[in-house]
Structures are given as structure tokens and as C-alpha cells.
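The values are calculated or read from the model by the stated rules, or taken from the named source; none is laboratory data. The structure displayed is predicted, hence computed values, not measured ones. All Cβ positions, glycine included, derive from the backbone under ideal geometry; neighbour counts span all protein chains shown. The protein model used for the area step is the full one, side chains on, heavy atoms only, and it has no ligands, DNA or RNA in it. Shrake-Rupley method; radii C 1.70, N 1.55, O 1.52, S 1.80 Å.
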Amino acid sequence: LSYLRERGINTELAKRECCEVHFENNGRHYYAVGFPNVRGGYEIRNKYFKGCVAPKDISHIRHTNRQNEVCYVFEGFMDFLSFPKYVSKILFNALIISVEQLKALSRCLLSTLLTSVTILYVPSYMIS
């Protein structure tokens, strides 16, 4: 959690949405913050490494106990974790995608139970 605190991330949100991932690279063992995606892979990040554990896909955060009409779209999970610093709530629907995953965005929105969706794309330069 110290890495996330250094970046000003809300640890309550991080504990709810992330996990610690242990992995091996070139025979050396590492650990990082892991952010799961919809197909069982992870985006992983620590102070020295940024990468993923395949398969790579979108992450969809949906709070089933709330009916929201807005779905925030973020380019990466650190942007998603940083966003509550700028708004008063930490429970919101979100999609975390990369530029290559725009096709998956439409697939995910079609499968949602929301009655209507307004997408607010939050580019990373507005959060940093």
C-alpha cells in the first residue's frame, strides 16, 4: 500500500478493487498491485514495473446495489484509482480500457443492466 499512498491513491478503494500479485520475471520474484480484468488477467504496477498478466482485457466496475446512469471510462487503472480525489464519491460504475480495447467497450455496454448510459471519458492528463 505504500506505493499507492505515495501516489495519493485512496487506500479504501484500492483495498476493495485491487490485490497483491506475485510474479516471476527472468527467474526473479516480484510483487505488485494487481487490478483484475473481466477475463481473469491483471494489470500490474509497482514502483519499478508496469505491465500485465495475460489475458489483457477491459476491467468493468459495476456496483449492483446502485442504479447509476453514468459510467466513467478511464484509460488505465491508476487513473481510476486517482479519480475519487477529485469527486466526493468512491462508489461509481467504471470501465478501464486501453486504446486498443475500444471494441470491448461497446460489448460491455451492451451487456450492462443500466437503463441508459452516459459515458464521461476522463483522460489521464485531467487527473494527473
State all residues of the range 73-94 that are touching a Lys or Arg at 6+ places or on another chain (Cβ under 9 Å) and modelled with pLDDT under 80; if no residue qualifies, say none.
Ile90, Leu91, Phe92, Asn93, Ala94
Consider the range 15-30. How many of its residues are touching a Gly at 6+ places or on another chain (Cβ under 6 Å) and open to solvent by 30 Å² or more (accessible area, probe 1.4 Å)?
1
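Out of Glu12, Glu43, I need the residue that is surrounded by 20 or more Cβ atoms within 10 Å (Cβ to Cβ) and out of contact with any Leu (no Cβ under 9 Å at 6 or more places or on another chain). Which one?
Numbers: Glu12 fails: surrounded by 20 or more Cβ atoms within 10 Å (Cβ to Cβ).
Of the residues listed, the single one that is surrounded by 20 or more Cβ atoms within 10 Å (Cβ to Cβ) and out of contact with any Leu (no Cβ under 9 Å at 6 or more places or on another chain) is Glu43.
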Close pairs from the range 44-72: first more than 23 Å from Gln101 (Cβ to Cβ) and at pLDDT 90 or above, partner surrounded by 12 or more Cβ atoms within 10 Å (Cβ to Cβ) and not acidic (Asp, Glu), Cβ under 6 Å, at least 6 apart
Lys47/Tyr3
Could you give me the residue pairs with C-beta distances under 8 Å whose first residue belongs to the range 16-34 and is over 30 Å from Pro84 (Cβ atoms), whose second residue is of a type in the set (A, V, I, L, M, F, W, C) and outside any loop (DSSP other than H, G, I, E, B) wherever it lies, and which are 6+ apart or on separate chains?
His29/Phe23
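When you check Val38 against the structure, is it within 23 Å of Pro84 (Cα to Cα), assigned to a loop (DSSP other than H, G, I, E, B), modelled with pLDDT of 90 or more and touching a strand residue (DSSP E or B) at 6+ places or on another chain (Cβ under 7 Å), yes or no? Before you say what the answer is, go through the steps one by one.
Working: within 23 Å of Pro84 (Cα to Cα): yes; assigned to a loop (DSSP other than H, G, I, E, B): yes; modelled with pLDDT of 90 or more: yes; touching a strand residue (DSSP E or B) at 6+ places or on another chain (Cβ under 7 Å): yes.
Spelling it out, Val38 is indeed within 23 Å of Pro84 (Cα to Cα), assigned to a loop (DSSP other than H, G, I, E, B), modelled with pLDDT of 90 or more and touching a strand residue (DSSP E or B) at 6+ places or on another chain (Cβ under 7 Å).
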